[in-house]
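A quick write-up on the structure given underneath.
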């Protein structure tokens with residue numbers, strides 16, 4: 001349903017942390033990602049007892065909660081001049097994240113984001129990550145901008 005947004009994500013292969021977008025509008029996004037058991041970061045974090053690093057949890061939250069919503073807003077903003085074949089380059093400007101539970105290999109997570117504001121090209125969102133039991137894994141405020149990368153796809 002939101003394949004056009006997924007196709008615009010600038011992440012490929014092992015660093016794209018969005019599987020599915022279940023809802024998306026000008027105020028919020030909900031998306032899912034299942035962590036791959038053979039992901040590169042599990043080999044040494046921690047050997048014999050793999051746990052998803054907090055920076056990856058934060059990246060998943062940012063990709064779904066900020067970048068997906070930001071691309072959607074830019075595409076619907078009449079003041080923004082992005083051609084369909086131009087690359088968008090997301091820049092995370094600040095985060096304030098609290099962690100409550102570990103995320104393990106193979107685990108599915110749900111990210112819910114609520115827009116706080118989008119003005120002057122800057123997006124700020126309150127983002128939560130939940131497990132499939134609807135238990136809170138992490139939450140926080142994310143801010144960023146999406147720039148034109150200056151070249152075509």
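The values are calculated or read from the model by the stated rules, or taken from the named source; none is laboratory data. Predicted, not measured: the structure shown is a model, and the values here were computed from it. Neighbour counts run over all protein chains shown; Cβ positions are idealised from the backbone, glycine included.
Table for the structure above
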item: Number of positions in segment 129-140 that are in contact (Cβ under 8 Å) with a residue 40 or more places away in the chain and exposed (fewer than 14 other Cβ atoms within 10 Å of the Cβ); result: 0
item: Residue satisfying condition, being within 15 Å of residue 28 (Cα to Cα), buried (at least 17 other Cβ atoms within 10 Å of the Cβ) and at pLDDT 95 or above, within set 70, 65; result: 65
item: Residues of segment 24-41 that turn out to be in a helix (DSSP H, G or I) and either under 26 Å from residue 141 (Cα atoms) or under 11 Å from the mean Cα position of the chain (by Cα) (or both), as a count; result: 1
item: Number of positions in segment 5-23 that are buried (at least 19 other Cβ atoms within 10 Å of the Cβ) and outside any loop (DSSP other than H, G, I, E, B); result: 3
item: Any hit, segment 51-61, residues being exposed (fewer than 13 other Cβ atoms within 10 Å of the Cβ) and either at pLDDT 95 or above or in contact with a helix residue (DSSP H, G or I) (Cβ under 8 Å, 6 or more places away or on another chain) (or both); result: yes
item: Verdict on residue 12 being within 27 Å of residue 105 (Cβ to Cβ) and at pLDDT below 90; result: yes
item: Number of the exception - residue 126 against (1) loosely packed, with under 14 Cβ neighbours inside 10 Å; (2) at pLDDT 80 or above; result: (1)
item: Near pairs, Cβ below 7 angstrom, 6+ apart or cross-chain, from segment 92-104 (at negative phi and without any contact (Cβ under 8 Å) to a residue 12 or more places away in the chain) to any residue that is exposed (fewer than 11 other Cβ atoms within 10 Å of the Cβ) and in a strand (DSSP E or B); result: none
item: Criterion: more than 13 Å from the chain's Cα centre (by Cα) and under 18 Å from residue 144 (Cβ atoms) - qualifying residue of 69, 73; result: 73
item: Where residue 104 falls short, out of the listed (1) within 20 Å of residue 28 (Cα to Cα); (2) surrounded by fewer than 15 Cβ atoms within 10 Å (Cβ to Cβ); (3) modelled with pLDDT of 85 or more; result: (1)
